[in-house]
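The values are calculated or read from the model by the stated rules, or taken from the named source; none is laboratory data. The structure displayed is predicted, hence computed values, not measured ones. A quick note on method: Cβ atoms are made from the backbone with ideal geometry, for glycine too, and the neighbour counts reach across all protein chains shown. Side chains are part of the model used for accessible areas, which takes the heavy atoms of the whole protein and leaves out ligands, DNA and RNA. Shrake-Rupley method; radii C 1.70, N 1.55, O 1.52, S 1.80 Å.
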Amino acid sequence: MKVLTRKLLRDILRSRGMLLAVILVITAGNTCFVALLSSYFNLSRAKNEYYREYFMADFWVELKKCPTQEASRILADFPDIARVRQRIVFPARVDIPEASEPVNGMVLSLPGYQDSTINGIALRRGSYFTYELRNQVICSDKFARARGIEPGDILTLITGGVRKELVVTGTADSPEYIYLTAPGSMVDDPESYGIFYVKQDFAEDLFNYEGACNNITGLFSPEGRRQSEYLLRKLSEELAPYGVYAAYSRKEQFSALLIDSEIEGLRSMSIILPLVFLGISALILNVLMTRIAEQQRTTVGTLKALGYSNGKLVLHYLGFGIFAGITGGLLGGILGFFSSQGLTVIYRMYFTFPRLYADFYPFIFLEALGISVFFASLGTLRGLHHILRLRPAEAMRLPAPPRGESLFLERYASLWKALGFRWQMVLRSIFRQPMRSFIALLSSSLGAAILLLAFGFVDSMDNMMSFQFEKVLRSDYRLTFKNPVPREALQELSRLPGVLRGEPLFSVGGTFTSRNARKRGSITGILPEGDLLVPRNQRGNRVPLPSEGLLMTDRMARDLGLRPGDSVSFLPVRGEQRERLLPVTSVVYSALGLGVYAPLEYLEKIMREEETVTEAALLLEPRSGPEVRTKLLKALAERPEIESISDIGREKRILKKQFDGSLKGTAIVMILFAGIIFFGSILNGALISLEERKREIATLKVLGYHNAAIGSLFFREILITNLSGAVLGMPLGYFGLALLVKTFQNDIYAFPGVVFPLSYLWTLLLAFLFVLLSYGILYRSLCKLPWREALNVKE
Amino acid sequence: MTQKTQFSAPLVELRNVHRTFIMGEVSVPVLRGVNAAIHSGEITIILGESGSGKTTLLNIIGGIDSPDEGEVIVEGENLAAASGKVLTRYRRSRVGFVFQFYNLIPSLTALENVGASAELVEEPLDPQKALEIVGLGDYGSHFPSQLSGGQQQRVSIARALAKKPRLLLCDEPTGALDRENSVKILELLQNLNREQESTVIMITHSSAIARMGHRLLSLDDGVVRSAQTVENPLSPRELPW
């Protein structure tokens, strides 16, 4: 082994404490990179394979009713639509006697024989339909497992006003429902919602749709995909006579949208987070190498005098950076791989793929290694460049004494004097090492920013939940009627046992158009004095309904380029299907969905319908126990006019549980990472400072100062720089949260960027805790310092 | 002492060498027009008080510093205008340095310190042999912190020897040593000069040590005041300490 290599290894061993701090930060950065990027590829691959294997559709058109022959005729005029499937889709309720909550689902028709149909199914248990019976059903597998349903069991569905008993032949998944929720909900609740596949001819009979369909899905040709929006619009126009409720592409389909958002989020985070960590590691290494270079100034000069070239010396000292980079890279790669496995387990809980597994990607591993070595080398070279530029004789000479000017604070003599010599030493030390102090400040502000981001994440979810479920959606149940019912029906429902109050809702789906923007959605007519569905602004204040006009969700208004006072064109899918120009009087805030609200009577007026109720919101009496709920649900189950029942309270509970489980876990990991940054930066700076000021410490010891008194000097320095950094980091964290929530904005949900005041306090407290813990380690080193030896140290 | 006529070309020739240091806001002229010649195979002593510029002069001869003005001709090559790469090659192949405070690398053993020098040349002196020459054959595995001052200086000399240099430059090699060790070091250098015909340039502030060289250059305030040949150089044990 070459002599310089041996020197390097021994120097690394001597500096192991300080290098460990750097390696920790590099490891954290690489763990993020490998875990997130691997998960990105795992999810992308699983999704792409699933879509390909089971022919996930490119588009969906939801209709009232269209003869299949007519649909085929119209579709024949679209050569860029490569394949089509016409099917029948209807909501249903599931009669499960022991269930204490409503159980709903969607019935979809499938061909009687298994083939490579669009939006095909992946069988999990049992078999496809057989010829023996018509009334067979294949359930979504998650629902079946949640309800303990096995192939061969009997399932009772209430749909089309009719109770039907169906024989379960099998369970399956579909790429259409990788993430399955009830319409309008965000919650994955397999106990309460399932998909039920029945034979095509059985569906035709059941829903009285012989030779007709109400749902068309299909695949575009490659050329068609390039003009999908245009084709969909044209298709909607052609199918308009058959009552088009909605026409959307894959990127707007709920499950696909959610998966794509998640995948995109992984990709973004796999770049941002590692950059932060690796950037900080480069800064910390810069400080460390500057110190080592100063310490080994004479050695560098001697080696140059012996005849070692700058190139050889650069390579030698680069060894520190390469060692840190490789160690951190390897550890981060391994931890990242195991973390991606953990992430995969979490994803499997929420996303249903036939095959989702965590793979090892050598190229990601190598990339991670390369990036960490690059950043570490950058930090190393930056720290060394000054020394390496010196001539050998200069390097061997003592450096010029550091600047001895007074600080700006010293101009205020009485204030300066009042500080006392301890604070004077601390402040001089901070301001006379501007680069090092800046790096400490930057690291702690980034650490605090990540802490605040983590807390903000949790706060935002809390805010979203309480806003949506305590301020906007205030009912316990929401009923959807198969057909509109008169208001008297609602009065009857309000008199059911346990019901405190019932409010009518009138929803009309359609398309909003403004200048060149177009968006599908619905207007919900509500009572002006209603209390169960309340439009609110971002501050949570109720926005009063106008006598005429619409209240529009801010995201919808923004997408349509509308402001209060503007008008929007609305083409409904029911009743008189002609465009109406409606004024937008106010903008409201909603965390879920793109709601548009209008006074009930006003909506009835413009739709030329009277006393029309399509949904109802029910509020139970306070403290209604499970018995009351079960009784009520039983009563509701006997009403054939009710198509589906949503349990709002249950949605809230499940969302909260999911949130507590995975999102808070994410926040904890982020807090851990922030801690690593704090530790890494503080420890590194403090241990270097200890090394440099050995003689000063020894002098104080000789004078008679105890370790605690000497330690307090270092503690004050660490405290000032790191708490100042933490304070500066808070606006940075808030800004980071604002950027992050932008990636969680789509038509289905909008993550608010909210930080509660207590979170700022928690951030400061945690920063202080990290400072204390780092100081604990520093204090131990201080106590073990061979200070007598230090008195003989020759620089 | 009389001036002896030299007919062979000097190994090193300094012509009007100037060097000024900038220390913070202060500018310090250290060499102010040095003219001197060093001959091959001799021990040349550069004598001067502290601050006379002798270390700077040695550093310039050794290629670890460069003059601001003037010429430094070594074996016909002018080092004054040489690039960093050329100087590095020069130091590697032709110069061995012995420092006042040894400048051993603390994380390397004695043998490894010598090896660090030996690895730089194609045909070095075996590091173990170099240590034996300086009488430390059994101390190869010792770290500098485990050696006395005199031993460390001998390791430093062994390190310089390992490259079989044309020039052995010694910056106050006995400055940090007691008398007994100083004598041993100087005897070693004298033997190297005699047996290996090394050209030794040694700087010192001690007029006693000055009497062991073949040639004496007196440096004062950045200029050579006198250059003399010493007729009968003394052995280190004979020096009037």
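Considering the conditions (1) within 14 Å of chain A (Cβ to nearest Cβ); (2) in a loop (DSSP other than H, G, I, E, B); (3) in contact with a Ser or Thr (Cβ under 7 Å, 6 or more places away or on another chain), B:THR174 is excluded by exactly one of them, (1). Apart from one condition, A:PRO97 fits all of (1) surrounded by fewer than 17 Cβ atoms within 10 Å (Cβ to Cβ); (2) modelled with pLDDT under 95; (3) touching a strand residue (DSSP E or B) at 6+ places or on another chain (Cβ under 7 Å); the exception is (3). Residues that are small (Gly, Ala, Ser), within 16 Å of B:ASN191 (Cα to Cα) and more than 14 Å from chain A (Cβ to nearest Cβ) within the stretch B:113-141 comprise just one, B:GLY135.
Could you list, in sequence order, the residues of the stretch A:148-190 that are farther than 15 Å from A:LEU123 by Cα and among the charged types (D, E, K, R)? A:ASP153, A:ARG163, A:LYS164, A:GLU165, A:ASP188, A:ASP189, listed by residue number. Taking the conditions exactly as written (within 30 Å of A:ILE668 (Cα to Cα), hydrophobic (A, V, I, L, M, F, W, C) and open to solvent by 10 Å² or more (accessible area, probe 1.4 Å)), does A:PHE55 satisfy them or not? Here the answer is no, as A:PHE55 does not meet what is asked. Here the condition is being at pLDDT 85 or above and surrounded by fewer than 19 Cβ atoms within 10 Å (Cβ to Cβ); of A:LYS417, A:LYS471, it holds for A:LYS471 alone. Of all residues in the stretch A:607-634, those satisfying the criterion of being in contact with a Pro (Cβ under 7 Å, 6 or more places away or on another chain) and either assigned to a strand (DSSP E or B) or open to solvent by 20 Å² or more (accessible area, probe 1.4 Å) (or both) are A:GLU611, A:VAL613, A:THR614, A:ALA616, A:VAL628, A:LYS631.
Checked against (1) more than 16 Å from A:ASP173 (Cβ to Cβ); (2) open to solvent by less than 40 Å² (accessible area, probe 1.4 Å), A:VAL137 passes all but a single condition, namely (1). Picking from residues in the stretch A:226-264 that are aliphatic (A, V, I, L, M) and out of contact with any Phe, Trp or Tyr (no Cβ under 8 Å at 6 or more places or on another chain), the one that is farthest from A:ARG518 (Cα to Cα) is A:ALA256.
Listed here are the residues, each with its yes/no results for (1) more than 24 Å from B:SER226 (Cβ to Cβ); (2) open to solvent by less than 20 Å² (accessible area, probe 1.4 Å); (3) in contact with a Cys (Cβ under 8 Å, 6 or more places away or on another chain); (4) not basic (Lys, Arg).
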residue: B:THR55; (1), (2), (3), (4): no, no, no, yes
residue: B:GLY63; (1), (2), (3), (4): yes, yes, no, yes
residue: B:ARG92; (1), (2), (3), (4): yes, no, no, no
residue: B:LEU111; (1), (2), (3), (4): yes, no, no, yes
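Being touching a helix residue (DSSP H, G or I) at 6+ places or on another chain (Cβ under 8 Å) and of a type outside the set (Val, Ile, Thr) is a condition met by no residue of the stretch A:625-632. Of the helices (runs of 4 or more DSSP H) lying entirely inside the stretch A:284-393, those containing at least 2 residues that are open to solvent by 40 Å² or more (accessible area, probe 1.4 Å) and either hydrophobic (A, V, I, L, M, F, W, C) or within 14 Å of another protein chain (Cβ to nearest Cβ) (or both) are A:310-350, A:362-389.
Within the stretch A:490-526, how many residues are under 30 Å from A:ARG233 (Cα atoms) and part of a helix (DSSP H, G or I)? The number of residues fulfilling the criteria is 0. Restricting attention to the stretch A:654-680, the residues being touching a Leu at 6+ places or on another chain (Cβ under 8 Å) and open to solvent by less than 20 Å² (accessible area, probe 1.4 Å) number 5.
Residues are listed down the side, and each one gets a yes or a no for (1) in contact with a Gly (Cβ under 6 Å, 6 or more places away or on another chain); (2) open to solvent by 20 Å² or more (accessible area, probe 1.4 Å); (3) within 27 Å of A:GLY447 (Cβ to Cβ):
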| residue | (1), (2), (3) |
| --- | --- |
| A:TYR245 | yes, yes, no |
| A:ALA256 | no, no, no |
| A:ASP260 | no, yes, no |
| A:MET269 | no, yes, yes |
| A:PHE277 | yes, no, yes |
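I want to confirm something. Restricting to the stretch A:701-727 and keeping residues that are free of Cβ contacts under 8 Å to residues at least 12 places away in the same chain and not hydrophobic (A, V, I, L, M, F, W, C), which single residue is least open to solvent (accessible area, probe 1.4 Å)? Filtering the stretch A:701-727 for residues that are free of Cβ contacts under 8 Å to residues at least 12 places away in the same chain and not hydrophobic (A, V, I, L, M, F, W, C), the one least open to solvent (accessible area, probe 1.4 Å) comes out as A:GLY704. Being of a type in the set (S, T, N, Q), open to solvent by 20 Å² or more (accessible area, probe 1.4 Å) and in contact (Cβ under 8 Å) with a residue 24 or more places away in the chain is a property that A:GLN200 has. Would you check if there is a residue in the stretch A:65-73 being at pLDDT below 95, closer than 18 Å to A:GLU165 by Cα and open to solvent by 60 Å² or more (accessible area, probe 1.4 Å)? No, there is no match, as no residue in the stretch A:65-73 is at pLDDT below 95, closer than 18 Å to A:GLU165 by Cα and open to solvent by 60 Å² or more (accessible area, probe 1.4 Å). Among the numbered conditions (1) of a type in the set (A, V, I, L, M, F, W, C); (2) surrounded by fewer than 20 Cβ atoms within 10 Å (Cβ to Cβ); (3) in contact with a helix residue (DSSP H, G or I) (Cβ under 7 Å, 6 or more places away or on another chain), the only one that A:LEU500 does not meet is (3).
So, in the stretch A:12-55, how many residues would count as being within 14 Å of chain B (Cβ to nearest Cβ) and at pLDDT 90 or above?
Qualifying residue count, the stretch A:12-55: 2.
Among residues of the stretch A:141-163 being more than 14 Å from A:PRO91 (Cβ to Cβ) and in a strand (DSSP E or B), the one that is modelled with the lowest pLDDT is A:ARG163.
Scan the stretch A:692-700 and tell me whether some residue there is open to solvent by less than 30 Å² (accessible area, probe 1.4 Å), within 26 Å of A:SER444 (Cβ to Cβ) and part of a helix (DSSP H, G or I). Among the residues of the stretch A:692-700, at least one is open to solvent by less than 30 Å² (accessible area, probe 1.4 Å), within 26 Å of A:SER444 (Cβ to Cβ) and part of a helix (DSSP H, G or I), which makes the answer yes. On the stretch given as the stretch B:133-188, residues that are crowded, with 23+ Cβ neighbours inside 10 Å and aromatic (Phe, Trp, Tyr) total 0. Total residues in the stretch A:646-675 satisfying the condition of being modelled with pLDDT under 80 and over 25 Å from A:GLY342 (Cα atoms): the figure is 0. Just one of the numbered conditions (1) more than 8 Å from chain A (Cβ to nearest Cβ); (2) under 18 Å from B:SER40 (Cα atoms); (3) of a type in the set (D, E, K, R) is not true of B:LYS163: (1).
Would you confirm, using the coordinates I've provided, whether B:ILE45 is away from every other protein chain (no Cβ under 14 Å) and touching a helix residue (DSSP H, G or I) at 6+ places or on another chain (Cβ under 9 Å)? Yes, satisfied. If you go through the stretch B:91-112 and keep only what is in a helix (DSSP H, G or I), within 18 Å of the chain's Cα centre (by Cα) and within 8 Å of chain A (Cβ to nearest Cβ), you end up with B:ARG91, B:ARG92, B:SER93.
Looking across the stretch B:104-151, the residues that are among the acidic types (Asp, Glu) and closer than 23 Å to B:ASN193 by Cα come down to B:GLU122, B:GLU123, B:ASP126, B:GLU132. Quick one: is A:ARG250 more than 30 Å from A:MET670 (Cα to Cα) and either in contact with a Pro (Cβ under 9 Å, 6 or more places away or on another chain) or at pLDDT below 90 (or both)? The answer is no for A:ARG250.
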